[in-house]
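Derivation of every value follows stated rules applied to the coordinates shown; laboratory data play no part. The structure presented is a predicted model; accordingly, all values stated were derived computationally and were not measured. A quick note on method: Cβ atoms are made from the backbone with ideal geometry, for glycine too, and the neighbour counts reach across all protein chains shown.
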Amino acid sequence: MSKLSVDHLLGIKNLKKKDIELIFKTADNFKRIINQPIKKVPTLRDITIANLFFENSTRTRLSFELAEKRLSSDVVNFSSSSSSVKKGETLVDTVNNILAMKVDMVVMRHPNPGAAEFLSRNVESKIINAGDGSHEHPTQALLDSYSIREKLGSVEGKKIVIIGDILHSRVALSNFHCLKKLDAEVRVCGPSTLIPKYLDSLGVKHFTNIKEALNWCDVANILRIQLERQDVNYFPSFREYSMVYGVNKELLDSLDKEIVIMHPGPINRGVELSSDVADSEHSIILDQVENGVAIRMAVIYLLAQKINK
């Protein structure tokens, strides 16, 4: 059986194209399983997984937990708000204490960029990065590309525009890496204050006009404005942002073609995306949520093959 070239999932930049294709192929099998009446498989009955979330999360945490339980693994959930981290315990000590309870794999979300990579070098466990600061969110990028592949038949050659708060988005950076490795064409659109300088080094071009961006693309992946990561005002107001960069039905109806609408959630309805677009036939947002479970099952399963029992 094919194996991943990596021992941890720390970021898309560490993956090869064949790794992504293997994850997708494995997810295809798991998606068939989770759409059957009996949704569980006994594949990982001997594996224990700890979910460590040092930031608030709903969709990602629930998606990972459901994926783990669908694979029949034992699951331990950890919240930093009720842990010894509040008493000054280090990250490595926290995780090593958990691993002493014979945990095989750690899924971690952390506010600091590089936390997952740091952990992978300092503890004996398989690490899955569920988001580290404004750095990467690899499983979100995988499920986004997987959803495009499912909707349009392939990712290769497709034009994807990522709209919104690119500067603070770990989803955007992981998507750039993933889509480029799958030979898609990627551009961004948003206020210049929310467009990071590193895009030049990645060869990603920037639209300033939302209608021009939407007429160019096959898929629009729309990001929310991340107020929790902003320490200054990057635009005058939500109302003005919505008027200039918001995607609504009137704007979609004015295009020369139909496009696919995506959003990693949570949606600020009426700001970056109107409800009549989010809930329309153009949207594959709920497909992304469903595919997230299959993709995370695939990642967990493939990394579990590398655990030495």
Those chymotrypsin sites (Phe, Trp or Tyr not before Pro) from the range 176-226 that are DSSP loop and have at most 12 other Cβ neighbours within 10 Å turn out to be Tyr198
Per the helix-only model, the chain has a calculated mean residue ellipticity at 222 nm (DSSP H runs of ≥4, -39500 (n - 2.57) each, divided over all residues, rounded to the nearest 500) of -11500 deg cm²/dmol
Shape call for the range 15-104, from the Cα gyration tensor axes a ≥ b ≥ c (a/c under 1.5 means rounded, otherwise prolate when a/b beats b/c, else oblate), comes out prolate
Quick shape check on the range 138-288: root eigenvalues a ≥ b ≥ c of the Cα gyration tensor, a/c under 1.5 is rounded, otherwise prolate if a/b tops b/c, else oblate, and it reads rounded
Charge tally for neighbours of Phe176 with beta carbon under 15 Å away, counting Lys, Arg as +1 and Asp, Glu as -1, is +4
Residue separation between Asp279 and Gln36 times 0.36 nm, minus their alpha-carbon distance, gives in nm 84.9 nm
The summed charge of the Val95 Cβ neighbourhood (under 15 Å; Lys/Arg +1, Asp/Glu -1) stands at -2
Filtering trypsin sites (Lys or Arg not before Pro) in the range 36-127 by DSSP loop and by at most 15 other Cβ atoms within 10 Å leaves Lys39, Lys40, Arg45, Lys102
Percent relative contact order for the chain, counting Cα pairs under 8 Å at least six residues apart, stands at 20
Measuring from the longest principal axis of the C-alpha atoms of the chain, the long axis of helix 138-152 (C-alpha) lies at a number of degrees, nearest 10, equal to 60
Note on the chain: alpha-carbon gyration tensor, axes a ≥ b ≥ c; rule is a/c under 1.5 for rounded, else prolate if a/b larger than b/c, else oblate; result prolate
Projecting the Cα atoms of Pro196, Ser237, Ile307 onto the charge dipole of the range 189-309, where Lys and Arg contribute +1 and Asp and Glu -1 at Cβ, the residue farthest towards the positive end is Ile307
